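Structure first, commentary second.
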Amino acid sequence: RGKAVERLGLDYATVKALNPEIIYAHCVGFGQDGPYADLQAYDDVIQAATGTATLLPRVDGDPRARYLPSLIADKVAGLHGAYAVLAAIVHKL
């Protein structure tokens, strides 16, 4: 979350002041602006907010809402963050 990163002194401006050539990636779950910007976003929260937790009952007939056991949101966000950093490295080269 943006405010937490700033509190820790790890925001872009502070880090760039230490090393202007830094490649910096900051992934947020709900964006940097808007009513949810300061909320924590981890896989269970994202699955609940997007309705993903309602998918399993459609498949197996058990009416209980359940989380998918694969941490989809965390993995996808991490992969896209890694792709962005790699693209930045290629761009610098």
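Some observations on this one:
- The largest-to-smallest principal axis extents of the Cα set in the range 5-93 are 55, 30, 18 Å.
- The chain: angle of helix 72-92 to the longest principal axis, Cα-based, in degrees nearest 10: 20 degrees
- Whole-Hz couplings from phi, Karplus 6.51/-1.76/1.60, listed for the range 17-22; x for Gly and Pro: 5, 6, 8, x, 8, 5
- Residues of the chain: accessible area per residue with a 1.4 Å probe, Å²: 76 Å²
- Sequence-distant residues sharing a close amide H with Phe30 (under 5 Å, placed H): none
- The loop-placed chymotrypsin sites (Phe, Trp or Tyr not before Pro) in the chain, going by DSSP, that have at most 14 neighbouring Cβ atoms within 10 Å of their Cβ come out as Tyr24, Tyr36, Tyr42.
The values are calculated or read from the model by the stated rules, or taken from the named source; none is laboratory data. Keep in mind the model is a prediction, meaning the values are calculated, not measured. No Cβ is skipped: glycine too gets one built from the backbone with ideal geometry, and neighbour counts run over all protein chains shown. What goes into the accessible areas is simple: the full protein's heavy atoms, side chains included, and nothing from ligands, DNA or RNA. Shrake-Rupley method; radii C 1.70, N 1.55, O 1.52, S 1.80 Å.
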